[in-house]
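The values are calculated or read from the model by the stated rules, or taken from the named source; none is laboratory data. Worth saying up front: this structure is predicted, and the values here are computed from it rather than measured. Glycine also receives a Cβ, built like all others from the backbone with ideal geometry; neighbour counts cover every protein chain displayed.
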Amino acid sequence: MKTKTIFTSGTITTIALVTLVVIFVSGVLPVLALETGIGYGTYTGLGQQDIRISIMKVVRVALGLIGIITILLILYAGYLWMTSAGNADKIDQAKMTMRNAAIGLAIIFSAFAIVSFIIGALERGTIIGPPGGGPPSGGCDNCGHLGTGIIESVFPTPFSRDNPRNVPIVVTFKVEMNPDTICDIDGNTDPNADDTRCDGDPLNAAAVKIYEDALGENRALGANDVVVRSNNNLTFEFYPRQLLGNGQTNVWYATKLTNTIRKLGSNDTAFGLNSYFTWRYEIGTELDLDPVEYSNVFPQPDDEPDSYQTSIGTQASGQIVLSAQPQLFSAPEVTATSTAPVPTPTPAPTIDVQGTYNGTYEGIVRLVVSQTGAQINYSPDHLIYGGSRSVSINGSSITYGEGLVFFLSNLDPNTGSHEWELVITPLKIADTLTVGGTTFMFVDGTAAAGQISVGTTIGATAANIRAAINASAAPVTASGTGTTINITADIAGTRGNAIVISGSAGGGDWVDFCNAAGDCNNSAQTLSGGTNSDLVPTIADNPDKPRNAIIRIDFNESILPSSIVTSPTIPEQRPFIIQYNNNTTGATSTDPNAEWTTLDGQYLVSNQYRTVEFIPDNACDDDSGGALRNSCGEPMYCLFTHDPASYEPTLYRVVVKAATLQHCTGAAVCNNPDFSVCQTAAGGSGSICQGNSGTTQGVNFPQAGALAGQPSPLGIRDMASNSFNGNSNTYQLGGETLGRAEGPGLDIVTDSFTHPNQSNQSPHNLNNRASSTGDDLVWYFYVNKLIDDSAPVLDRVGPAVESSAANLSLPLDATFDELLMSSTVKPGTGYRDGGCYCDPSTNSATTGSNPGCPANHTCTVANRCEAQAGTSQVLCAADNECSVDHPTIGTPVCVNRKYVTLIDRSTRPVGWWVANNGLDTVGTPDGYADITQVFINHTRFNEATTYGGELGYGVKDSYQNCYLPGQGPQGSSVEWVCALSGVACPNGDRDCSLGDRCISPRTTDCLNANDLAAGRTYCCNGEAKNQADWLISECNTGL
């Protein structure tokens, strides 16, 4: 009897490999659970895959290869069986091979499942590790709500690491939210709390869940564990009453915003039905005790005013030249005269012309009637018939056409013939003349209002035109002699170049309209030659700034948005104070007796809460008092400027207030061991916890706090509620360099409110950086009455256009040629800044209002609702707030501004947020930013997916000028280079070193000299356009 082998060598190999896998799983799994930090490489897209995952993937590949071998063994066994020819030994061998292969295949399937589970667990971070857990699988859930959707920004940012334990969670929405759905307003027992916003109220725990990611949302903080604040129902701050984390290990947290959050003024949910948004971030083990500092200011400090030469503005002009008399109104008329036969038979044949002539022919026609019919003979120049045409006689009538019917009677019964001569005069519409929006009609005889009498000669008519224009409200003056009317704008300036003179041409070429350059035509012309009063500066220190500049300050870290009141009405609420010097001449920053006036305006927080900008309430106007608008048709706002006869610029100063430091009532309150002494503030405003030994001797505890009678700390403070370190001085604590906080100091602002004084030191002056100064900050600069109307230009973008193999984690970036207005560098669209689509042809002829727009709004040529004079603009955020269907889309459309957008067409959208950074690269470095680099940060991109960036016309520079989409890097001629090294990168980011980026520098835009000369100063998708065409193009409307 033969002995049969149960296992083949292939099966033994399989079992051995599976045994190794089991040993690996049971013996090595605890090691896999350790948090080594390598796991972050996969998320960040740096190609540093966890070696543990790599090993397990090798095992999985090996199992796959063995599986293939097993299938081949089964095929081999089948071959043996089919070729056995009845040989029992071969049949037994085939059966044994097939049975062992099947056993091996089952084992391989099991091992493959085990290995796949381990890989998945490692990649998801679900293998149990030490306290705090490993990194989560992604930065957010339903990520599309961040950036593309309703959320503008969050803090801490998704997947950010090692955040301090004493920071709040902050969310900024694109439109206002109902505060009652985010906080429990009724649960606030403070009688002074504001019921229209979250003002220190308990959390609505069903709407916002803050929890350790490893524990899940069922262990989220409760309503009384979190305090909620908001200044504007857009940005909400959530303050846990207890520090986050455990102080020993880093802990991953998550914040979930649920669909119970509702928009203000409606029942619409923030995220749509059954949706939500969750993001994750890591909390470290340390507290943030480092005060915030400034990193840049604009305008930069300027110690000396520029000197100016003034040129006087000129008035725009043109001419109206008459070459014939204007046409007068006359009704259509037809007269008939019998011409044959002669003598006329008795009784005489008659013709009765009925109807109203509606043709255009003017002249004589001959009607010839005979027994066989009728013929109408025309002069050769008749536009329709030329020489003649035949018409039929229907009984006694002839249908001439063009509204006329001829009835004949008393024709000769023998011959039935007769001839008539018809003199036809068509309807004549009186010519009109329009000057600067005022229209006149020419009449015969005495002229009423809005009319001009046609004289007996062309010269007399010209004199009547001059008199009528000068007696009207047209913004021009008429002069001249003979048949020429000289037209001059009443006010000097370029605004006069927009005045149009035009007329109807119904009476033929009776007039020519000419501009100041002598360009003429017989339909319409604009005046030309108007120039504004101009200033030619001679720069003394830094250039004085045009009055449409935006004032801004950038910080080295995020600040608390609630420390910035958007529209402060009382002085103590102003985070920084904008003032101009009342002296019209000789104003200097060192004059101790100077008087200052505080400017009112709005404060905007942006750039991931790192930038604050000030926009004045005062709208810009030109020399003639007309409102100035930017290239997008939006109003601009200007800083006040003096205008002395001998021109000098206006001196400005900005005062930034440090937040008041926490008040202590005794040493027991000072529970931080490094700051355990309660000392009276040097300036007398309260007492402050200080250090009393070593490197902290005399150093204040940096945390801000409200003084007696204050609802909250006044002044700038960071996310950890540290005060502002305006003078940037430092001290050492535990081997670490930290900023030193002194609190607010001596008050240089003269208003009705006495600001707290804790440091008893003068503000730190950026124009004169003395060492013995406090943490309040001040800088001075000069503003002139000029307007900067040049649009920002895009210099470069990264990754390079149409490049491949882009880094999965690096942000997209774009660099402009000047400093941008930070509050316009924000994600996407969907803000309450739009106008409903409308049809301007339905504007009321009397009131200008439009039925598709809100009350007292008109429809512009750009098909957008706009407020009429004296009415506040009503803006839309969503399509359902509008009523008129768009002709191509078929539904109402709210035309929102477009800002900075990540183009993401994947089925799993990423979350993204926008930031910007100023670069000091123009001319000699002076420590102040000249240009802006924009960043589109995002959670990890999906592989093998196409992404892109879009910059919209909502982006503005620091002078409120819109970026014109379509200009910038374009075309295959762009040379791609690595941003840092400058080497060529035809293969995209892979050709650049780690952390470097392949970018597209700017070449030329679509505008050439001919376009500019023709007034085509706008560009859309490579096509040059004038302003009117650009306003209705997709680059402006987004449609």
Return only the number of the condition from (1) closer than 30 Å to G144 by Cβ; (2) touching a strand residue (DSSP E or B) at 6+ places or on another chain (Cβ under 6 Å) that A929 does not satisfy.
(1)
Which of the residues belonging to region 594-622 are free of Cβ contacts under 8 Å to residues at least 60 places away in the same chain, within 30 Å of A492 (Cβ to Cβ) and not in a strand (DSSP E or B)?
L599, D617, N618
Residue count, region 598-620 (criterion: over 30 Å from V170 (Cα atoms) and loosely packed, with under 13 Cβ neighbours inside 10 Å):
1
Quick count over region 515-531, residues being assigned to a strand (DSSP E or B) and more than 41 Å from the chain's Cα centre (by Cα), is 2
Output the qualifying pairs, or none if there are none: Cβ atoms under 9 angstrom, residues six or more apart or on different chains, first residue in region 678-707 and assigned by TED's automatic domain parsing to the domain that holds T730, second residue modelled with pLDDT of 90 or more and among the basic types (K, R).
V699/R740; N700/R740; P702/R740; Q703/R717; A704/R717
Just wondering, is there one or more residues in region 756-764 that are under 40 Å from the mean Cα position of the chain (by Cα), assigned to a loop (DSSP other than H, G, I, E, B) and more than 27 Å from L287 (Cα to Cα)?
yes
Please work out which residue is surrounded by the fewest Cβ atoms within 10 Å (Cβ to Cβ), limiting yourself to region 333-367 and to residues that are at pLDDT 85 or above and among the aliphatic types (A, V, I, L, M).
I364
Among residues belonging to region 881-909 that are touching a Gly at 6+ places or on another chain (Cβ under 6 Å) and surrounded by fewer than 19 Cβ atoms within 10 Å (Cβ to Cβ), point out the one that is modelled with the lowest pLDDT.
S883
With I748, I787 as the choices, which residue is β-branched (V, I, T) and surrounded by 18 or more Cβ atoms within 10 Å (Cβ to Cβ)?
I787
Just to confirm my filter: which strands (runs of 3 or more DSSP E) fall fully inside region 399-444 and include at least 3 residues that are in contact (Cβ under 8 Å) with a residue 40 or more places away in the chain and over 28 Å from N470 (Cβ atoms)?
404-409, 418-425
May I ask you to verify whether F781 is crowded, with 17+ Cβ neighbours inside 10 Å, farther than 24 Å from D302 by Cβ, touching a Phe, Trp or Tyr at 6+ places or on another chain (Cβ under 7 Å) and not charged (D, E, K, R)?
no
Consider only pairs whose beta carbons are under 6 Å apart and that are at least six residues apart or on different chains; among these, list those whose first residue lies in region 105-120 and is closer than 14 Å to G64 by Cβ and whose second residue is modelled with pLDDT of 65 or more and in a helix (DSSP H, G or I).
L105/T70; I108/L63; I108/I66; I108/G67; A111/L63; F112/L63; V115/V59; V115/R60
Condition set in contact with a Ser or Thr (Cβ under 8 Å, 6 or more places away or on another chain) and β-branched (V, I, T), scope region 196-252, selection surrounded by the most Cβ atoms within 10 Å (Cβ to Cβ): answer is V208
Matching residues, region 268-301, being under 31 Å from the mean Cα position of the chain (by Cα) and in a loop (DSSP other than H, G, I, E, B)
D268, A270, F271, G272, L273, N274, S275, Y276, E293, P299, Q300, P301
In this structure, is A645 over 20 Å from Y294 (Cα atoms), in the same structural domain as V565 (by TED's automatic domain parsing), assigned to a loop (DSSP other than H, G, I, E, B) and hydrophobic (A, V, I, L, M, F, W, C)?
yes
